[in-house]
Amino acid sequence: MAKLYIVGTPIGNMKDITLRALEALKGADVIACEDTRHSLPLLSHYDIRAKLIAYHKFNESECSDRIIELIASGQNVALITDAGMPSISDPGAELISKCRAQGVELELVPGPTAVASAITLSGLKASGFTFLGFLPEKNTDKRSILSKAASAGLPIVIYVAPHDLTKTARLLFEVLGDRTVHVVREITKMYESVTTTTLSDFKCEERGEMVMIIESAVSENPLNALTVKGHLEHYISLGMDKKEAVKQVAHDRGLPKNDVYQQAVEL
């Protein structure tokens, strides 16, 4: 029985394609590409000669129906995008949803995604994150979605075009305040890099494919609302000796230990 293969493709380096992806693409009668011109070099490199059709955001509804008809006629169809996984900030969700609704068999052939790769490269220490993909066109919509995402208290991950990088950083600063941000560029390519900067003093080269990872706001320690002496007394009351308390208060408040020690002497 024919089916739809949802196939992940490399996000930069052609060698990142999986054996299953090659098997699925070589066995497909038709390959639905986001941009046939973009996909052709990859397919030619691996001597894949299936018929290509264009499936993109401007023809998703019409082309989805056509693809389902092809599968119903007994042809295996592979769905790919320019890079990464279909439906992750790329076309594919409408076709997949229609196939599920109509009982068309699906097979997932996973591959790399820019968002997971960027998180790994950044070294971000977090138990989760909020992925927004590309932000909407209008600033009012951007502000709305960012404000909602910020309420989750998690790092925010977005895709951004190089020509939008600086103005996006300015908008993020206006909506979120100052935060640490990692810009991961050209993942798996020759000039792969990670730039860690801040939204208030944003500096990054505006070139290549980019993922921005905006760290969550640093939670204010409620003990910092006390005086330094009160802060010390709190830790000492918990059983810390004075030396340990000085060290912990200095860490909590970002102060030199000598400054805190002078307050401890007066206790």
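Of the two radii for segment 1-153, the radius of gyration is 1.02 times the Kirkwood radius, both from the alpha carbons; that is the Rg over Rh value. Computed over the Cα atoms of segment 1-69, pair by distinct pair, the Kirkwood hydrodynamic radius stands at 12.7 angstrom. Loop-located GluC sites (Glu not before Pro) across segment 159-236 with a Cβ neighbour count of 12 or fewer within 10 Å are Glu220, with loop assigned by DSSP. Which angle from 0 to 90°, rounded to the nearest 10, does the C-alpha axis of helix 139-150 make with the longest principal axis of the chain? Around 60 degrees separate the two axes. Between Arg253 and Glu192, what FRET efficiency follows from the Cβ-Cβ distance if R0 is 41 Å, with the result rounded to 0.05? E between Arg253 and Glu192, to the nearest 0.05, is 0.65. Full extension of the chain between Thr36 and Asp141 gives 34.7 nm of extra length, using 0.36 nm per residue less the Cα-Cα distance. Axis of helix 242-253 versus longest Cα principal axis of the chain: the two differ by about 50°, to the nearest ten degrees. Each residue, Tyr46 and Met14, gets one label point 7 Å from its Cα in the Cβ direction; the gap between the two is 1.1 nm. Under the combined filter of DSSP loop state and at most 15 neighbouring Cβ atoms within 10 Å, segment 105-208 retains these chymotrypsin sites (Phe, Trp or Tyr not before Pro): Tyr191. Specify whether the C-alpha gyration tensor of segment 151-201 places it in the rounded, prolate or oblate class, a ≥ b ≥ c being the square roots of the eigenvalues: rounded for a/c under 1.5, otherwise prolate if a/b is larger than b/c and oblate if not. In terms of gyration-tensor shape, prolate. Within the shell defined by Cβ-Cβ distances under 12 Å, the residues around Asp164 carry a net charge of +1, with Lys and Arg each +1 and Asp and Glu each -1.
Report in % the part of the accessible area of the chain that belongs to carbon and sulfur, leaving out ligands and nucleic acids; probe 1.4 Å. It is 51 percent, rounded to a whole number. Rg and Dmax of the chain, based on Cα coordinates, read 25.3, 86 Å.
Describe numerically, in nm with one decimal, the distance between label points set 7 Å from Cα along Cα→Cβ at Leu226 and at Lys57. It is 5.2 nm. What's the center-to-center distance, using Cα atoms, between segment 192-209 and segment 1-54 in Å? So the two Cα centres are separated by 32 Å. Counted over the chain, the DSSP beta bridges are approximately 50% antiparallel. The angle between the Cα long axis of helix 36-45 and the longest principal axis of the Cα atoms of the chain comes to about 80 degrees, rounded to the nearest 10.
The values are calculated or read from the model by the stated rules, or taken from the named source; none is laboratory data. Note that this is a predicted model, so its numbers are computed, not measured. When we count neighbours, we look across all protein chains shown, and the Cβ atoms used for this are built from the backbone with ideal geometry, even at glycine. Heads up: the accessible areas ignore ligands, DNA and RNA and are worked out on the full protein's heavy atoms, side chains in. Shrake-Rupley method; radii C 1.70, N 1.55, O 1.52, S 1.80 Å.
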